[in-house]
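Scroll down for the structure; my scribbles are underneath it.
The values are calculated or read from the model by the stated rules, or taken from the named source; none is laboratory data. Bear in mind that the values here come from a model prediction, so they are computed numbers and not experimental data. Glycine also receives a Cβ, built like all others from the backbone with ideal geometry; neighbour counts cover every protein chain displayed. We work out accessible area using only protein heavy atoms, side chains counted, and drop any ligands, DNA or RNA first. Shrake-Rupley method; radii C 1.70, N 1.55, O 1.52, S 1.80 Å.
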There are 4 protein chains.
Amino acid sequence: MSQPSDRRVLITDCADAKGLIAKITGVCFENGLNIIKNDEFVDNTEGRFFMRTELEGLVDEASLLGALDEVLPAHHHTSLKPAGRKRVVVLVTKEAHCLGDLMMKAYYGALDVEIAAVVGNYDKLRPLTEKFDIPFHHVCHEGLDRHQHEAALAEVIAPYAPDYLVLAKFMRILTPEFVGRYPNRIINIHHSFLPAFIGANPYRQAWERGVKIIGATAHFVNNCLDEGPIIKQDVIHVDHNYSALEMARAGRDVEKSVLSRALGLVLADKVVVYGNKTVVF
Amino acid sequence: MSQPSDRRVLITDCADAKGLIAKITGVCFENGLNIIKNDEFVDNTEGRFFMRTELEGLVDEASLLGALDEVLPAHHHTSLKPAGRKRVVVLVTKEAHCLGDLMMKAYYGALDVEIAAVVGNYDKLRPLTEKFDIPFHHVCHEGLDRHQHEAALAEVIAPYAPDYLVLAKFMRILTPEFVGRYPNRIINIHHSFLPAFIGANPYRQAWERGVKIIGATAHFVNNCLDEGPIIKQDVIHVDHNYSALEMARAGRDVEKSVLSRALGLVLADKVVVYGNKTVVF
Amino acid sequence: MSQPSDRRVLITDCADAKGLIAKITGVCFENGLNIIKNDEFVDNTEGRFFMRTELEGLVDEASLLGALDEVLPAHHHTSLKPAGRKRVVVLVTKEAHCLGDLMMKAYYGALDVEIAAVVGNYDKLRPLTEKFDIPFHHVCHEGLDRHQHEAALAEVIAPYAPDYLVLAKFMRILTPEFVGRYPNRIINIHHSFLPAFIGANPYRQAWERGVKIIGATAHFVNNCLDEGPIIKQDVIHVDHNYSALEMARAGRDVEKSVLSRALGLVLADKVVVYGNKTVVF
Amino acid sequence: MSQPSDRRVLITDCADAKGLIAKITGVCFENGLNIIKNDEFVDNTEGRFFMRTELEGLVDEASLLGALDEVLPAHHHTSLKPAGRKRVVVLVTKEAHCLGDLMMKAYYGALDVEIAAVVGNYDKLRPLTEKFDIPFHHVCHEGLDRHQHEAALAEVIAPYAPDYLVLAKFMRILTPEFVGRYPNRIINIHHSFLPAFIGANPYRQAWERGVKIIGATAHFVNNCLDEGPIIKQDVIHVDHNYSALEMARAGRDVEKSVLSRALGLVLADKVVVYGNKTVVF
């Protein structure tokens, strides 16, 4: 009998060609698998095909991927995402709202995730973290250069072997070396509606510009700051009554909401990165 | 070479079973068709499978549907929607906003539709209609009983052989007999967020209740007033400053927007009705 | 020098008349008070005037209200809301999301409120509550009739002398007697976009009706179930992919967001009740 | 008896001081005027006070403004906006959606405005304009330098003495000289969520960046392109399925909606410009 643990997500990414859906779903059928949900997308500009297939049944992974190798065009990528709860480590600085929301949602089951640890460059969020019986590590950046600090972070993180790192208002810029250890596995929340107000103090910038909307962007981190593939964005309306400080306060609600929804999509294996973009199935 | 006129939409609706996507897309592939976009949905409560497949290529319709007959479970429904612009007749009373929006969007190409005629139980919207060189028919209800009036409407509508009727603030209740001539082919805009405020004067009701949101609902019309399958809904925020009249005025914007988006979905063969619900692909 | 504790909110509610703003703000000025923010509203249907005046400065309350008595029409109501953090008691049953959000926002300062205690008719949310060092009282309803249970609730609540009771998914219907003890001081979150789907299991009702939007409503509780003055409403879009259960899950986000925003408005003395409606300044 | 033509809007803009509301509303009261609606705003960063007062009654304008002069701080600005329908000239290039929406809304009364004329640098929108019996002027830019073209525009516009110019997808950059003739009286719709994607082809930029939201911004035009005070912004959600072209098409709906709502606010004298920002009452 099929259990939730019999569920897998198959991601296919290859050059577009005729008959791909028939071929892939045919292979799944011949392997005795039931398709729970199937979504595909073709980027016609680049002639590229993407498909996400949620499968149920006992999978012989090697056999399935081998059979797909035979029917798919050259240079294809397939991956079979394992079932089961994923593990994340959350990096923070001083602000509690994103971390608090993630822990609370994990606690009551709105996010199906194991928050294995929280790491802060300040110690401020330790008491909040420990309320939820999650280990907190203070890795202070003071007196260390960037590479020393990142080495210390990496050392603390490594034993948890996280599937993803979540930057929940972590206010440090990461080097390409650090980011390179977790390709497309670091999720950041940026406190603006990118690409507006890149850089420091976006709410101050927004206030000075007199905007009527502020937003937040969750994205994967790659080598360029604030420039990785966007997963989710949302906005709220503001008006002249908001000071820069009040914009920042109002922005927290949309920040935490966007981050937790983006993480939910990633955890459900619904996000495929290609180039500097995402397909969000 | 494939032209837009080579595009068809195949809708499949049948009992759920293993391998359906593989079988259907396999038949399409064997018939030399390219799949532009494929979407499926399984209602697990009812064990029912729905798929919308956008096809490109020269179709031998009988051959395709025949081949599908052989692979699909008993009691399946398949339909192959022809390419090309669809034709509608719009029914109105006195309010211009929905009709005006539909004609304007058809004029500049935001809605790919032929508005063959407008029929009003008042003559008020004739000048607006004729600006767009669309025939207007005044079918007055005065002095006629409901059946006589509907017979007169049907007589005026028939020569246009419309694919759909659009009730753009048509303030008359239609009988089951009339509705029965156009099964799932009459689209209505209801000036409330159904199922709240069913019946007369919903904005007055909303104002009296002190609601903070008003909405509009586009739905297919079936035998029960305001009760057909919902296609699209949207809302806007209001507050204590709005009188019932101002709510009605503000509501017009959401009414016309919901109606034209619902019509756009229907015209693109993205809406499948089952029971009193819709699947909107 | 003026401190935050020198801030007061003056609410005026009276028959409409010429010159009211001039008279009220004149009295404030003569009493040496600075107006931080002033908002007024006239309900022209009922000829009724409402004003919220945020004042700064040392107030001699009796002198101010006395001076207002002399310039306002007969049968006016004025109230001067004290500065300072308000105290609430939260009532819950088994669902954690609304309580969790309130406690988390109070913790990091997004809601300026003292959650004095949480009272549950089940014991399930005790561990979550106690993480935040808030007393939890289990007042089980089993074996008690409605009046006995409410007497027990009232006894537990009384020592906290709360400014407001917050029903954070408290799944019991309160009697008029109980409600009468806290006139316009009980805030409920209803898991539907009132007045649609009044009553039991609204998400099931919504799913059966095939709606494309679900919502939540925060309102004051009066004698009629689900019928009190609405403070805040919001919605999210859903589609055919949502089961009744998934609608309920998705609805939790909008429920907690609407409840905490409604409470924020009430705590800031921005909500004035009249009849079965609210003015939300 | 008071007629709509007895309505005026008084805008006050001055240094903040104690008692301003009392003084201004007191002067209105002493002049026998009834206040229909009063809104004020203090920019605490700049110590500046703004008030919008909607007045009813027969006004002796000189007497009212003179009395205000005596009670307001030095360097104040007051203006009394006359009642009655305002007149605009609309500038267009080739796209119909914004112009069409403005004309349609003016036709059925959703915008209380006289569209005195439409001026295009192409002739393409003449037929649409003339459907609504509005004069269309083709002022071709070919063969003219920027200053010659603007001189020709100005000559065509001048006889209509418009209160405002509306740039409804007018794809020409205006010189400071031209803009200087209509200070804070030119309203533009920019097809992006400013300040993201300033400059050419914003939808292409948005698509390349892989954004999940696109928007539109209505703003007053000043000397710097795309940099004037923002009146209104709104967004819609998009996803990977949208090509750059489809983003542009989807964007039209939000463009026309934002432009017509911004114009509605300006026509109702609800927008006050200060520096590079607006107060929108």
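What to note about this one:
- Selected residue (criterion: farthest from A:GLU46 (Cα to Cα)) from residues of the stretch D:237-251 that are within 27 Å of the chain's Cα centre (by Cα) and open to solvent by 30 Å² or more (accessible area, probe 1.4 Å): D:HIS237
- Scanning the stretch D:266-281 for residues that are within 11 Å of chain A (Cβ to nearest Cβ) and either part of a loop (DSSP other than H, G, I, E, B) or without any contact (Cβ under 8 Å) to a residue 60 or more places away in the chain (or both) gives D:VAL271, D:GLY275, D:ASN276, D:LYS277, D:THR278, D:VAL280, D:PHE281.
- Filter result for C:TYR108 (over 17 Å from the mean Cα position of the chain (by Cα), of a type outside the set (S, T, N, Q) and within 30 Å of A:GLY251 (Cα to Cα)): yes
- Test result for B:CYS14, open to solvent by less than 40 Å² (accessible area, probe 1.4 Å), touching a residue at least 60 places away in the same chain (Cβ under 8 Å) and assigned by TED's automatic domain parsing to the domain that holds B:PHE136: no
- Qualifying residue in the stretch A:19-39 (condition: open to solvent by 50 Å² or more (accessible area, probe 1.4 Å), under 23 Å from A:VAL273 (Cα atoms) and among the acidic types (Asp, Glu)): no
- With respect to the conditions (1) open to solvent by 60 Å² or more (accessible area, probe 1.4 Å); (2) within 20 Å of D:VAL258 (Cα to Cα), D:GLY199 lacks only one, and its number is (1).
- The criterion of at least 2 residues that are of a type outside the set (Asp, Glu) and within 13 Å of chain C (Cβ to nearest Cβ) is met, among helices (runs of 4 or more DSSP H) falling completely within the stretch D:13-130, by D:20-30, D:61-71.
- When the stretch C:213-232 is filtered for residues that are surrounded by fewer than 24 Cβ atoms within 10 Å (Cβ to Cβ) and in contact with a Lys or Arg (Cβ under 7 Å, 6 or more places away or on another chain), the ones remaining, listed by number, are C:PRO229, C:ILE230.
- Of the numbered criteria (1) part of a helix (DSSP H, G or I); (2) open to solvent by 20 Å² or more (accessible area, probe 1.4 Å); (3) at pLDDT 95 or above, the one C:LEU259 fails is (2).
- Search result, residues across the stretch D:132-148 that are in contact (Cβ under 8 Å) with a residue 24 or more places away in the chain and either under 19 Å from B:TYR108 (Cβ atoms) or not assigned by TED's automatic domain parsing to the domain that holds D:THR175 (or both): D:PHE132, D:ILE134
- Residue check, C:ALA67 among the aliphatic types (A, V, I, L, M) and modelled with pLDDT of 95 or more: yes
- Qualifying residue in the stretch C:62-80 (condition: free of Cβ contacts under 8 Å to residues at least 24 places away in the same chain, open to solvent by 40 Å² or more (accessible area, probe 1.4 Å) and over 24 Å from D:PHE29 (Cβ atoms)): yes
This table checks each residue for (1) touching a Phe, Trp or Tyr at 6+ places or on another chain (Cβ under 8 Å); (2) surrounded by fewer than 22 Cβ atoms within 10 Å (Cβ to Cβ).
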| residue | (1), (2) |
| --- | --- |
| C:LYS94 | yes, yes |
| C:HIS97 | yes, no |
| C:LEU102 | no, no |
| C:TYR122 | no, yes |
| C:HIS141 | no, yes |
| C:LEU144 | no, yes |
| C:ALA154 | yes, yes |
| C:PRO176 | no, yes |
| C:ARG181 | no, yes |
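- When each of C:THR53, C:THR45, C:THR78 is tested for being over 22 Å from the mean Cα position of the chain (by Cα) and within 25 Å of D:ASN38 (Cβ to Cβ), the lone residue that passes is C:THR45.
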